[in-house]
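Asker: Please find one structure pasted underneath; my questions will follow.
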Amino acid sequence: MTSTVAATTLANAIRALSMDAVQQANSGHPGAPMGMADMAVALWNQHLRHNPNNPHWLDRDRFVLSNGHASMLMYALLHLTGYDLPIEELKNFRQLHSKTPGHPEVDITPGVETTTGPLGQGITNAVGFALAEKLLAAEFNRPGHAIINHHTYVFMGDGCLMEGISHEACSLAGAWKLNKLIALYDDNGISIDGQVAPWFADNTAQRFQAYGWNVIGPVDGHDAAAVSAAIAQAKTSADKPSLIICKTHIGKGSPNRANTAKAHGEPLGAEEIGLTRAALNWEHGPFEIPAEVYAGWDARPQGAKAEADWMLAYAAYADAHPALAAELQRRINGQLPADFADLVAKTVGAAHEKAETLASRKASQLALEAFTAALPEMLGGSADLTGSNLTQTKATPNLRFNADGSVAQDAEGRLGRHINYGVREFGMAAIMNGVALHGGYIPYAGTFLTFSDYSRNAIRMAALMKQRVVHVFTHDSIGLGEDGPTHQSIEHAASLRLIPNLDVWRPADTAETAVAWAVALEQQQRPTALLLSRQNLPYAPKASTADIAKGGYVLSDAANGQAAAIIIATGSEVQLALQAQQQLADSGVAVRVVSMPSTNVFDRQDAAYQDSVLTPGVPRVAVEMGVTAFWYKYRCAAVVGIDTYGESAPAGVLFKHFGFTTENVANTVRAVLK
């Protein structure tokens, strides 16, 4: 869309709305929206392919505001271009239950593609968006039918580039030749602490050139025509992502706050807003936008036409390739195959029947063999630990790219579905969030559980955004042995369980692992973390696998049905619980063993079921190779756990040293019953 209204006038509408909303909220960040307003005119008014009447149109361009504190830029754009975001919502900026929260949140505000605010994660999500677009295009497009064909645009600032995750993600974007990823860098030289030169001396252009990016500029970020020309140039790139360096002034238009840290994170104040209105020649009151400016911004007619044209193309595609179109629609809708329940029953049933002694990381790979063969949307990976995490299967070749930027095929003509992320745990996690947000894939990837600390904020963001992402965390305890306390997880299971809307599973055997995978794949609105052992685990005999999916169940009841105590265990410690049960039975003490592979899932069960598993009034002892404090939420009388770091030694030596023996568990129960 090319407006007849002057570009500066369109930009000033953003500036006015931004400073007015921040002033009314008495909170927020006016400087960045005011500084990036001309960049926004160039992109949103002249290049961005979107339809405000349908924010979920499949082949729309994606826009990510990585510097999410500039949220009023996004809200002003969405309001002005015609999304369902009335002026009243801008007046309610940062207020309870408004559609204009302090930082952009997906599924709260129409048109927001991802939740941003933690700097660096937006650009990393965008790498995931661009990767998903490229892979879907390679998988579904056919000659004459480029049904997946859109760009991912990012605005980002100095803070995003200072965050280490931007290095991880942008390096991968270059390696993956994501030519439809275009990032516009708001180079204003200011952060909260002031001029960034003393602490941010990078040569950003050379940095991105080294990644294999196409670098354009610096350009004048306040010259919308120059920025638009740079975007047009970036769109011609065939094998490289593009960085457009835009030199801007934070708080552009403010006589006394422009180019200062004062413009960053506080209202301009009534007096300065008046001076700014005069300087911009903006003669309208707070939240007042002239009709001709609304008309100049309105993207609905062009957006409706773009989607209508695409729908015609899609209809022709569906007519020529009906099976492909149906598969694409299923995957974009996030639906599992119609026979998924049968697949789960078969996979879990086979694990139960074979009753193999395997490390749960190997049990995970066996489950993945079944699920990845049947679900082409599963996109795996590992942070340089594929042989340890066991995330790759026969159905998931390594993802590779040809010199021309196209997705490579293996000798059998298959596209890659397993990503070598390198040693980039944080980047991997946030890229997976972007892939999930884009749609069409269920991303999963692995690293060691202790390195989940690197990934943690992206895991939290997946939970906040309600995205189906699966984290495979192996080497889950002191059971990994000689690598020692740097690699032995102690607090990690309990810590991950504290993240709202994240399911954490620590399965005890092959059947529990298969069920954990099945439940993770079924969860459309939450991520999952699977905590898996390095060491082999015997199969835990069970009468049925039906209740595993409830997160906790009675694995072995007291012989007489009258348990004097209940032992709750997870993962590798379930075997200890069963052995202690037998030892106690031999001495006349009847106990129940409860396997609780997922406390999160168990906690969602109704009270009647929970009471049927953890009988009220019966003393409870928990056993887990981790911190003890977590388990007292279940009113345990004692916990066999670890509240110190581990040691470097063979696993068997460590188990005895830290009290993970049959005798100690049995004696702990006896002590509770005295």
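Asker: If you line up the long axis of helix 164-175 against the longest principal axis of the chain, both from Cα atoms, how many degrees apart are they, to the nearest 10?
Answerer: Roughly 80 degrees, rounded to the nearest 10.
Asker: Separation between the Ala175 and Asn141 pseudo-spin-labels, each 7 Å from Cα along Cα→Cβ, expressed in nm?
Answerer: 2.4 nm
Asker: With label points built 7 Å along Cα→Cβ from the Cα atoms of Thr628 and Ala590, find their separation and express it in nm.
Answerer: In this crude spin-label approximation the distance works out to 2.9 nm.
Asker: Using the eigenvalues of the Cα gyration tensor, what equivalent ellipsoid semi-axes result for the range 182-283 when each is taken as the square root of five times the eigenvalue, whole Å, largest first?
Answerer: Calculated on Cα positions only, the semi-axes equal 30, 18, 8 Å.
Asker: Roughly how big is the chain's charge dipole about its Cα centre, with Cβ charges of +1 (Lys, Arg) and -1 (Asp, Glu), in debye to the nearest 20?
Answerer: 560 debye
Asker: If R0 is 51 Å, what FRET efficiency do you get for Asp298 and Glu522 from their C-beta distance, rounded to 0.05?
Answerer: So, using R0 = 51 Å, E works out to roughly 0.80.
Asker: Among Gln583, His97, Phe451, whose Cα lies farthest out toward the positive end of the dipole of the chain, if unit charges sit on the beta carbon of Lys, Arg (+1) and Asp, Glu (-1)?
Answerer: Value computed over the given set: Gln583.
Asker: Given 0.36 nm per residue, what is the gain on full extension from Tyr609 to Ala6 after removing their alpha carbon distance, in nm?
Answerer: Gain on extension, Tyr609 to Ala6, equals 210.5 nm.
Asker: I need the calculated FRET efficiency for the pair Asn149 and Ala225, taking r as the beta carbon distance and R₀ as 30 Å, to the nearest 0.05.
Answerer: 0.70
Asker: Putting +1 on Lys and Arg Cβ atoms and -1 on Asp and Glu Cβ atoms, find which of Gln209, Gly334, Ile566 reaches farthest to the positive end of the dipole of the chain.
Answerer: Ranked along the dipole, the leading option is Ile566.
Asker: Defining a contact as two alpha carbons under 8 Å apart and six or more residues distant in sequence, what relative contact order in percent does the range 44-178 show?
Answerer: The value is 29 percent.
Asker: Return one number: the angle in degrees, 0 to 90 and rounded to the nearest 10, between the long axis of the Cα atoms of helix 573-586 and the longest principal axis of the Cα atoms of the chain.
Answerer: The two axes meet at around 20 degrees.
Asker: Please report the net charge: other residues with Cβ closer than 15 Å to the Cβ of Thr204, K and R +1, D and E -1.
Answerer: After counting each charged neighbour, the total is -3.
Asker: Sketch the reach of a paramagnetic label on Gln95 as a point 7 Å from Cα along Cα-to-Cβ, and name the residues of the range 49-88 whose backbone nitrogen lies under 15 Å away.
Answerer: It comes to 86-88, nothing else.
Asker: Between Leu184 and residues 5 or more places away or on another chain, which pairs have amide H atoms under 5 Å apart, with H built 1.01 Å from N, and which residues are they?
Answerer: Val154, Phe155, Met156, Ile244
Asker: Between helix 360-374 and the chain, what is the angle of the helix's C-alpha long axis to the longest principal axis, kept within 0 to 90° and rounded to the nearest 10?
Answerer: Compared with the principal axis, the helix lies near 50 degrees.
Asker: Moving on. Find how much the distance from Gln335 to Ala313 grows on full extension, using 0.36 nm per residue of separation minus their present alpha carbon separation; answer in nm with one decimal.
Answerer: Fully extending the segment from Gln335 to Ala313 adds 5.6 nm.
Asker: Still on this structure, please answer the following. Determine the shape class of the range 1-145: with a ≥ b ≥ c the square roots of the Cα gyration tensor eigenvalues, call it rounded for a/c under 1.5, and otherwise prolate if a/b is greater than b/c, oblate otherwise.
Answerer: prolate
Asker: Would you work out the relative contact order for the range 209-305, in percent, from Cα pairs under 8 angstrom that are 6 or more residues apart?
Answerer: Computed value for the range 209-305: 20 percent relative contact order.
Asker: Rounded to the nearest 0.05, what FRET efficiency is calculated for Thr357 and Asp483 with R0 set to 30 Å and r the Cβ-Cβ distance?
Answerer: Approximately 0.85, to the nearest 0.05.
Asker: OK, next. At what distance in nm do the modelled label points of His657 and Thr236 sit from each other, each positioned 7 Å from its Cα along Cα→Cβ?
Answerer: For His657 paired with Thr236, the spin-label model returns 6.5 nm.
Asker: Here's a follow-up. Would you mind working out the accessible area per residue for the chain, using a 1.4 Å probe, and quoting it in Å²?
Answerer: 36 Å²
Asker: Plugging the Kirkwood radius over Cα pairs into Stokes-Einstein for the chain, at a temperature of 25 °C and a viscosity of 0.890 mPa s, what D comes out in µm²/s?
Answerer: 92 µm²/s
Asker: Ok, one more. Any idea what the relative contact order of the range 490-582 is, in percent, if you count C-alpha pairs under 8 Å spaced at least 6 apart?
Answerer: 31 percent
Asker: Moving on. Check which residues have an amide H placed less than 5 Å from Ser572's amide H, if you skip close sequence neighbours.
Answerer: The answer is none.
The values are calculated or read from the model by the stated rules, or taken from the named source; none is laboratory data. None of these values were measured; they are calculated from a predicted model. So basically every Cβ, Gly included, is an ideal-geometry build from the backbone, and we count neighbours across all protein chains shown. Ligands, DNA and RNA are stripped out before the accessible areas are found, and what is left, the full protein with its side chains, is counted by its heavy atoms. Shrake-Rupley method; radii C 1.70, N 1.55, O 1.52, S 1.80 Å.
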